[in-house]
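The values are calculated or read from the model by the stated rules, or taken from the named source; none is laboratory data. Quick caveat: nothing in here was measured; it's all calculated off a predicted structure. For neighbour counting, all protein chains shown are included, and Cβ atoms are generated from backbone atoms with ideal geometry for every residue, glycine included. The protein model used for the area step is the full one, side chains on, heavy atoms only, and it has no ligands, DNA or RNA in it. Shrake-Rupley method; radii C 1.70, N 1.55, O 1.52, S 1.80 Å.
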Amino acid sequence: MVLLEPRLTQADAFVDRGTETDTLVQAIESHAVTNLHGRKGSGKSHFLAFVSDVANGHRRPGADRLALHRLTDYHVLYFDLSDAMGFDDIVKRLFLANFPDQTASWEQLTHIVETSFGRHPVILILDNVNSEGISTSLGRAIYYYLARRPSDRVVLGSIRPIGFVNLDVHRLPFDGFDQTAITELASASNVQLDSGQLEEIRESSDGLPIFLRLLFAHWDHRAKIPPGTAEGIRALLRETIAPRLSEEGRQLLVGIALLSILSAEIIGDELRHLPISKLEGSLEELRAYSLINVRQRGTTRLVKLHDLVRDAVIEVLDGAVGPMARDLADAAEKRGADRESALLWLFAAPNGLDTEAVRERVINSIVIGADAKDYPFLSSVALIASTRAQVKKIGLAHVRLSDALIFAEASAFTGVGKYEEALVSLERLSPATARKLQVAEGEFSLLDFELAYLQANLLHLQNRYDEALGAFGALRAIIERPDFKPDAARLEFAIGHVLRHQARDLDGAMQHFRAAEAMAIEAGDLTTELSSVTGRIGTLVYLDQLWRCPSYHSRTAARSSRGRADGRYGPSRHARLRRVIEE
């Protein structure tokens, strides 16, 4: 079954983590929810993948890890959520990776587990749960899952400790290797070091396994590795490993680093589009240096690069990044992957973003990504723009591109509930843009509209209702223009939503909800139509007028009669609701 696939290859060495194995097993046996947390590169994912493989029978735990034998009574479902941002995105990505033909919902996941494993106990491992702003949704989902399957266990891997209001979480800190583990890893890597050298390595790497694997992959006692993991990995790559790689090996490493921006795990076939003639040999070369991890999932080969290594590669081999990014951006554009193309063009600067056509494609992708609430994409745009000096320089010279990059950052903050940070981001808009948004007149692009709408919405989310109404109201003049007609329904709904809060003006809210519903139906905007209907019905419920609303009863009756006539609905909605309550 694909759910129980091996997470590691047999060649992946596992170094004893001292008492951590016993501690995790005891926690799983004693607690419904366990959170294993530690810094980037501490080896959490490798550790949890090993635990998963042992429990699922893919490898033996070893005589020194007998505690893991106790987990063989469980099946382990391991999901890597490193690309996700926001709970809805976690569910979507989890299903795209594992159940492409299923409806993406947490309830459906629980149903699949029940169908597949019945009463057999399951450990659900959600690794890399580093997305912010998901505590409420994730806590509710885990509560639902454990209520249906009380004998199961949930393990969360994260950088920072995770806590929930409705769940008791047992937290386990996860640190780097101790001296014994470092000695064991050195022996497994056929590296002969004296105690002084081992101590020097421990101090320089802080015991982080990803650093040590790279260091032992090609030990050079002459190399002076500076303290600090990120700095140390960059120095190791620059001074020791990169000079020894073949030209094709360096090109492949850069290509994998760029593709890792788009996805945590790369499907092997995607590498065949890279300009590498000796792909298999170059992959083996990178694997020999512990730069990449390669595993099989059925007939599919998966390649993974740790994000600490990815960032070091992009910085150290920067001269090769631009040309490779341009090639990959062109390829992504040809297959219609506009958002992937936009991210890659940011790495292709300055020779990519210096053309107006490319800048417009990046700007449009950001606007579309914000409309689709694709927060991982927006967050990646913001991160790249803040760390790539070339992108900053081009942004200063092109106001619209700079506005779009700020919009991506503010939208990403909004998506995870960081409203104050989002408003601070918008304060970096140029004075000319800020004035234009305030008065909402003159030349106004789609990006300008989205910026003004986001600004008004943030005021609303901070309960600054009068300011929000003023900001939304200023946009009503823009809506009259033909280019912005499709956004009229969204704006009407937003104004109604502000008026409904704290029962400020319920009659006015009802008028705006009705207008928004009619506009949305005309424009074919289903999302705004449903939001408007929900807002209108919610207001009726608040006023205790729902059951006296003729239009509601006539629509409900019409739908129910149609449903019963063609056999779609069966009993009426109210009858089904009563049955659920009784059960």
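A few comments on the model shown:
- When the range 465-489 is filtered for residues that are among the acidic types (Asp, Glu) and modelled with pLDDT of 85 or more, the ones remaining, listed by number, are 466, 467, 487.
- Check on residue 346, crowded, with 19+ Cβ neighbours inside 10 Å, in contact (Cβ under 8 Å) with a residue 40 or more places away in the chain and more than 20 Å from the chain's Cα centre (by Cα): no
- Count of residues meeting criterion [modelled with pLDDT of 85 or more and buried (at least 20 other Cβ atoms within 10 Å of the Cβ)] in the range 526-542: 6
- Being closer than 30 Å to residue 231 by Cα, open to solvent by less than 50 Å² (accessible area, probe 1.4 Å) and out of contact with any helix residue (DSSP H, G or I) (no Cβ under 8 Å at 6 or more places or on another chain) is a description that applies to residue 196.
- Restricting the range 244-266 to residues that are more than 13 Å from residue 312 (Cα to Cα) and among the hydroxyl-bearing types (Ser, Thr, Tyr) leaves a set whose member that is surrounded by the most Cβ atoms within 10 Å (Cβ to Cβ) is 263.
- Scanning the range 232-274 for residues that are over 13 Å from residue 306 (Cα atoms), without any contact (Cβ under 8 Å) to a residue 60 or more places away in the chain and of a type in the set (Gly, Ala, Ser) returns 232, 235, 246, 249, 268.
- Among the residues of the range 362-375, those identified as crowded, with 21+ Cβ neighbours inside 10 Å and under 15 Å from the mean Cα position of the chain (by Cα) are 369, 370, 374, 375.
- Within the range 183-205, the set of residues being within 23 Å of residue 288 (Cα to Cα) and not in a helix (DSSP H, G or I) comprises 189, 190, 191, 192, 193.
- Under the condition of being without any contact (Cβ under 8 Å) to a residue 40 or more places away in the chain and under 25 Å from the mean Cα position of the chain (by Cα), the residues counted in the range 275-296 number 1.
- Looking at 428, 435, just one residue is at pLDDT 85 or above and outside any helix (DSSP H, G or I), and that residue is 428.
Okay, residues lined up against (1) assigned to a helix (DSSP H, G or I); (2) under 25 Å from residue 50 (Cα atoms); (3) among the hydroxyl-bearing types (Ser, Thr, Tyr); (4) modelled with pLDDT of 80 or more:
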site	(1), (2), (3), (4)
140	yes, no, no, yes
144	yes, no, yes, yes
181	yes, yes, no, yes
223	no, no, no, no
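- Residue within the range 125-146 that is buried (at least 20 other Cβ atoms within 10 Å of the Cβ) and in contact with a His (Cβ under 8 Å, 6 or more places away or on another chain) present: no
- Criterion violated by residue 349 - all others in (1) at pLDDT 90 or above; (2) aliphatic (A, V, I, L, M); (3) touching a Gly at 6+ places or on another chain (Cβ under 8 Å) satisfied: (1)
- Taken over the range 512-522, the criterion of being open to solvent by 40 Å² or more (accessible area, probe 1.4 Å) and within 19 Å of residue 460 (Cα to Cα) is satisfied by no residue.
- Of the residues making up the range 457-485, those that are touching a Leu at 6+ places or on another chain (Cβ under 7 Å), assigned to a helix (DSSP H, G or I) and open to solvent by less than 10 Å² (accessible area, probe 1.4 Å) are 458, 468, 472.
- Selection within the range 15-40 - open to solvent by less than 50 Å² (accessible area, probe 1.4 Å) and assigned to a helix (DSSP H, G or I): 20, 21, 24, 25, 27, 28
- Cβ-Cβ under 6 Å pairs, at least 6 apart or on other chains, the range 179-190 side within 13 Å of residue 43 (Cβ to Cβ), far side open to solvent by 60 Å² or more (accessible area, probe 1.4 Å): 182/202
- Residue satisfying condition, being open to solvent by 20 Å² or more (accessible area, probe 1.4 Å) and farther than 19 Å from residue 364 by Cα, within set 434, 440: 434
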